[in-house]
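We did not get these values from a lab; they are worked out from the coordinates using the rules stated. Everything numeric in this text was worked out from a predicted model, so none of it was measured. Neighbour counts are summed over all protein chains in view; Cβ atoms, including those assigned to glycine, are modelled from backbone coordinates with ideal geometry.
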Amino acid sequence: MDDTEQRDPEDIAPSVIERYYTRWYRADMKGKPCEDHCVLQHSNRICVVTLAETHPILQNGRTITSINYQISDGCSRLKNKVSGKSKRGGQFLTDFAPLCRITCSDETEYTIYSCIRGRLLEVNESILKTPKLLLEKPATEGYIAVILPKFDESKSITENLLSREDFEESSPNGLLANRSPPDGARCSRPVPSPSCCGCVYLPSVPTRLDKKRNCGCHPGKVTFTCGDS
Amino acid sequence: MEGVRVQEAEACFLPPLETRVKEPILRQPAAMLPLKEKDKPIVQKLLSAGCCARCILRFCCTRVQAAYRQPEQETLKELLAFISNPQDPAALESNGDNKSHDAAVSESTGDNNPHDAAEDPPSKRAKLEPSETTAGSEEKEEEDAAAKSRVCVVCLGILQEFCDTAQAVKIAEAVKAEKYEFDSVMCSVSLPAQLCVREHSCWLHVKKEVRDKILVLDKDDIIPLKEAFKWVVQGLVSKGLGGVAMVNKGGLEVGVEFTHEATDADCHFLASVCPDCFKPGKKKQSVFTRMAVVKALEKISEAKFLKHYPCPPTRTSSCCSLQGVQCLHVSLFIAGRYNKFSRTLPQTPWLIDGERRMESSVEELIGASVLSSFRAEGFNFSSSGREDVDVRTLGNGRPFAMELLNPHRSRLSRAEMKQLQETINESSDKIRVRDLQIVSRDAMSRMKEGEEEKTKSYTALVWTRKPIQSDDIIFIDDIKELTLDQKTPLRVLHRRALAVRQRVVHSMSARFLDQHHFHLELKTQAGTYIKEFVHGDFGRTKPNLCELLQTDTDILELDVESVDVDWPPAIPE
Ligand SMILES: [Zn+2]
């Protein structure tokens, strides 16, 4: 919903992530220093799990030797399949469900966790083919997984996570301070106007034909339908 | 035995003398009613139970509409004659075919033989009345008062006083007051739920009798009360409305609602026998809806029913009452094309948690004038695809259609439609409408059919992270028929199935603006997600513009230049 704020046209145009997603962090995952995770939550409640910029994997020019979504003998995240609008069949994850294990060239292995409760929709197979995506674009093409929280948990799942502000404050050495937004001159034209998914409200006209449905973008009492282009 | 029964029945059902004098009664021989010998015991039982003449016809499964349309008193007389003449060969033999009797009844009603009331000796009635009450005690007085009233124990007056001309005129006047434009009228009737209970009781009453005589009669064969009511009343209402056609579907629906004060009291026993059929609803005033009662009657055993409810149903002096007449005109459909010139205008009202996010919407800007022109109560808006709130729709516009709910006006001329279009266009500079026309419901599907195969043209304003020269983007113009693999975009994934869809970008053309911006024109297969093609959607659309240009790209503005669906037909200006 932050993305719907009227911004001053003189402001720097926000990126796709800034426009549509809220960033949440889990610092020092399982007590391991700096193993920070980031959860990008879309205004439609879908979450994308990524490595935080501060994660050890992304420091000091390390290289990745393997990414393994097979998290135990019996369970592979690669076998996850969802079908239909209701995403039947997806593995249900809790906060500390492992998503994958990443091994770096110095033989250290890191486990990446779900961070939130929800249904696993997809994992990123592109990073299996091209592990350097994870290093070069950790916040976008190098994402780890897409998770759909339950509709009624879409707000509560982030309660245990840190906001970007809190995370920056808590992060030692002001690591993030050096990670200011990319400096390429952004557009100074009027900013793309607010739209989450293009959700719109159906009028409640008295008709037998009128079938309302909730798109799920906006937890609340309203019924919506969504835009397409 | 038989004689006694007849007398009772007659005593109960003959109207007060003055009524009989006022209404000229058509004279017909009893044989004209399409009844067979086997109907006799049913007629007899129902008469003594206190059924009205038309309900008796229903229970005899008579589908001859004219028999219902003739005055109730006349039918009653014929029924009495029918049962008092056990050896009538005409009634016995020649009643095998209902059709022939349909004709017979129609003919004789057409004859209009005025019947002098004097021919019916009032002395007969006077003689009978005391015989009925002689055995009466104090306790029975109330019961007798009910017995004397001629309110039918099954229909509680629906096929009696509510079938007369005065009631039909009342209904017609109520319709006229709403000032509708209409070509045809359809009647619908809503009846109090206990009529089902009473009908069930009466059915069990006759079923008992007829089973001994091995006559076949199933509850489903009984003519539904609603149907019989319509047979009588529809024609009268139509006449009251100047002879408009009565139809079974479409046109103006005239809903006639009846209620009865004792519905809950009459149905109450069902709730204790079948409590699960009567779960209290949130807004409903009574749990005894017709649906619930019918369901309970299907479940309840005959023995249980008879234990809790009198068979035949008790007499009452209270009639149903006409609760109201509600009119609903069948939906009307209009179509056209719209342009949207604003990036802060959603297509339909956009509310989050009950709060409005945007001032207006395309459908509201169009709808306001349309509603007032057609004097409709509401509308449903649909279109060939839909643009996001920040996307403009230019060119010839996007085909749309509207279902107008309960329109009071239904005949707008071409000139009036043109005027309406002008009114809409003058009302706002954020949108523009063309090709506005009335269409059929079926034609609307053409709009949706065209959606998938057609091409759409767009212009996008693209930002690049790396500075670009005009030469850097020339190669884009040479890309033809580029097939994209688009995973369901994250922004719609919550409500759409996850899939990889192949979509074709037929052609592109880039126009350099400055070192970080250019305009990209695209012609694509319908269903291509343009925003995701430009920013890549976490690499989930491949290839994407970031890959093609080897830098991050983002989409700042998007315009739909054309939606190539050739419906609705263009209207020359
Ligand atoms: Zn009746």
Within region A:85-113, which residues have the backbone N less than 16 Å from the label spot 7 Å out from B:Val500 along Cα→beta-carbon, could you tell me?
none
Would you grab the residues whose amide H sits under 5 Å from the one on B:Val185? Only those 5+ places off in sequence or on another chain, please, with H modelled 1.01 Å from N.
B:Ala245, B:Met246, B:Val247, B:Leu252
Net charge dipole size for region B:332-447 [Lys, Arg +1 and Asp, Glu -1 on Cβ; Debye, nearest 20]:
440 debye
Between the alpha-carbon centers of region A:113-158 and region B:300-343, tell me the distance in whole angstrom.
52 Å
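For the residues B:Arg315, B:Arg375, what sequence is obtained by ranking on other C-beta atoms within 10 Å, fewest first?
Values: B:Arg315 20, B:Arg375 17.
By the 10 Å Cβ count, ascending: B:Arg375, B:Arg315.
Round to the nearest 0.05 the FRET efficiency obtained for B:Lys219 and A:Glu165 when R0 = 56 Å and r is the Cβ-Cβ distance.
Working: r = 73 Å, r/R0 = 1.30.
Computed FRET efficiency for B:Lys219 and A:Glu165: 0.15.
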Per residue of region B:393-402, what does 6.51 cos²θ - 1.76 cosθ + 1.60 with θ = phi - 60° give for ³J(HN,Hα)? Whole Hz please, x for Gly and Pro, Karplus curve as stated.
10, 10, x, 6, x, 9, x, 9, 9, 10
Okay, which of region B:402-418 sit inside 16 Å, backbone N to the point 7 Å along the Cα-Cβ direction of B:Ile571?
B:402-404, B:410-418
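Based only on the alpha carbon positions, what is the Kirkwood hydrodynamic radius of region A:14-158, in angstrom?
Details: mean 1/r = 0.0651 Å⁻¹.
After inverting the mean inverse Cα-Cα distance, the result is 15.4 Å.
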Inter-probe distance in nm under a simple model that places probes 7 Å from Cα toward Cβ, at A:Ser66 and B:Arg414:
7.7 nm
Region B:332-447: Kirkwood hydrodynamic radius (Cα pairs, Å) comes out at 14.3 Å
List every residue whose amide H lies under 5 Å from the amide H of B:Gln323, counting only residues 5 or more places away in sequence or on a different chain, with H placed 1.01 Å from N in the peptide plane.
B:Glu257, B:Phe258, B:Thr259
So who's got an amide H within less than 5 Å of the one on A:Ile144, skipping anything under 5 residues away but keeping other chains? H placed 1.01 Å off N, in plane.
A:Val49, A:Thr50, A:Leu51
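Gain in length, B:Asp276 to B:Thr259, computed as 0.36 nm per residue apart minus the alpha-carbon separation, to one decimal in nm?
Numbers: separation 17, 0.36 × 17 = 6.12 nm, distance 2.40 nm.
This chain segment gains 3.7 nm when fully extended.
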For B:Gln515, placing the label point 7 angstrom along Cα-to-beta-carbon and taking region B:465-489, residues whose amide nitrogen sits under 18 Å are B:465-474
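For the residues B:Ile334, A:Ile71, what sequence is obtained by ranking on other C-beta atoms within 10 Å, fewest first? If you can, show how the numbers build up before the last one.
Numbers: B:Ile334 25, A:Ile71 16.
Ascending Cβ contact count within 10 Å gives the list A:Ile71, B:Ile334.
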Of the cross-linked pairs B:Lys207/B:Lys239; A:Lys85/B:Lys456; B:Lys430/B:Lys480, which ones have a Cα-Cα span greater than 32 Å in the structure shown?
B:Lys207/B:Lys239; B:Lys430/B:Lys480
